[in-house]
1. Please specify each residue of the range 16-36 satisfying the condition of being at pLDDT below 95 and buried (at least 24 other Cβ atoms within 10 Å of the Cβ).
2. Between a residue in the range 150-163 that is closer than 13 Å to THR193 by Cα and touching a residue at least 60 places away in the same chain (Cβ under 8 Å) and any residue that is buried (at least 21 other Cβ atoms within 10 Å of the Cβ) and not polar (S, T, N, Q), which pairs come within a Cβ distance under 7 Å, given they are 6 or more apart or on different chains?
3. Out of the range 222-239, which residues are touching a Phe, Trp or Tyr at 6+ places or on another chain (Cβ under 8 Å) and farther than 20 Å from ILE142 by Cβ?
4. For the structure I just gave you, tell me whether VAL123 is outside any helix (DSSP H, G or I), among the aliphatic types (A, V, I, L, M) and either free of Cβ contacts under 8 Å to residues at least 40 places away in the same chain or surrounded by 17 or more Cβ atoms within 10 Å (Cβ to Cβ) (or both).
5. Under 15 Å from the mean Cα position of the chain (by Cα) and closer than 27 Å to GLY253 by Cβ: does that describe GLY122?
6. Enumerate the pairs (first residue in the range 234-257 and on the phi > 0 side of the Ramachandran plot; second residue anywhere and in a helix (DSSP H, G or I)) with beta-carbon separation below 7 Å, excluding pairs fewer than 6 apart on the same chain, so at least 6 apart or on different chains.
7. Check off (1) touching an Asp or Glu at 6+ places or on another chain (Cβ under 8 Å); (2) of a type outside the set (Lys, Arg); (3) buried (at least 16 other Cβ atoms within 10 Å of the Cβ); (4) assigned to a loop (DSSP other than H, G, I, E, B) for ALA129 and give me the number that stays unchecked.
8. Could you tell me which of the residues ALA13, ALA63 is buried (at least 24 other Cβ atoms within 10 Å of the Cβ), over 25 Å from ALA191 (Cα atoms), among the hydrophobic types (A, V, I, L, M, F, W, C) and in contact with a strand residue (DSSP E or B) (Cβ under 8 Å, 6 or more places away or on another chain)?
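The values are calculated or read from the model by the stated rules, or taken from the named source; none is laboratory data. As the structure is a computational prediction, the values presented were derived from the model and not from experiment. FYI the Cβ positions are ideal-geometry reconstructions off the backbone, even for glycines, and counts take in every protein chain you see.
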Amino acid sequence: MYQERFRLDGELAVITGGGRGIGLACAEALGEAGARLVVIEPDEAAAAEAARHLTGKGFEAQAFVGDVTRSARMDEIADDLAAKGMAATILVNNAGIGQSGIPSEEVSDADWLRMMDVNVNGVFWCSRAFGRHMIRARRGVIVNLGSMSGTIANRPQPQTPYNVSKAAVHHLTRSLAAEWAQHGIRVNAVAPTYIETPMVLANPLNQDRIPAWLHDTPMGRMGLAPEVASAVLFLASEASSLMTGAVVPVDGGFTCW
């Protein structure tokens, strides 16, 4: 009975930024649970490689090229899938960018606006585009990728724009959850700690930061992409059927202190 509640057979899951890192792990987790997969990536090569990788694992998967900051493109993808009888029943808003180490007084207008455009506007555009079809079907699940940085101010690196963008994602999650529950749609978020992705590990500035991060983490380690994906799978499945508007920490206890 209980294991069956984690199954996603017959569901269509859309994962933005699903070509690498946490997004790809989320796609793999949902695929293993039986979902058909649609990955959205802004780069054509990354989209094609994601589709090859996922189909190579035996999943039913396709990829679309699209930038989440382009609302018309998100509408187009959502409408195209629905017209083919493949309206999304699960949306994972994973696409996002990060930037740290810039004092707030030195943040440019362009950097601030870009952060908000991808991390906040992109989440809303996608939720709106795919949510319209979920409302018509009176069912659907949205899982947003927030961050513990939406709850705390990180150290030692300053990163106010990123923190603010993720705090907005958390409140967008709660707001949509309250508004769309009447339509049979659940909206939740995960709030990860620092995750060992190639992008994080390749940044030379992080080599001096990692000891401080681990010192502030009760579990004393960074997270792994599959650990975040497992939480996303839970929230996407009927195993979390009574949950909406939740922001679930996946942070090794970081926000306990």
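1. The answer is GLY19, and nothing else.
2. Matching pairs, first to second residue: GLY150/LYS166; GLY150/VAL169; GLY150/ALA191; THR151/ALA191.
3. Correct list: MET222, GLY223.
4. no
5. Judged against the criteria, GLY122 is not a match.
6. Close Cβ pairs satisfying both conditions: GLY245/THR173; GLY245/ARG174; GLY245/ALA177; GLY245/ALA178.
7. Every condition holds for ALA129 apart from (4).
8. On inspection, the qualifying residue turns out to be ALA63.
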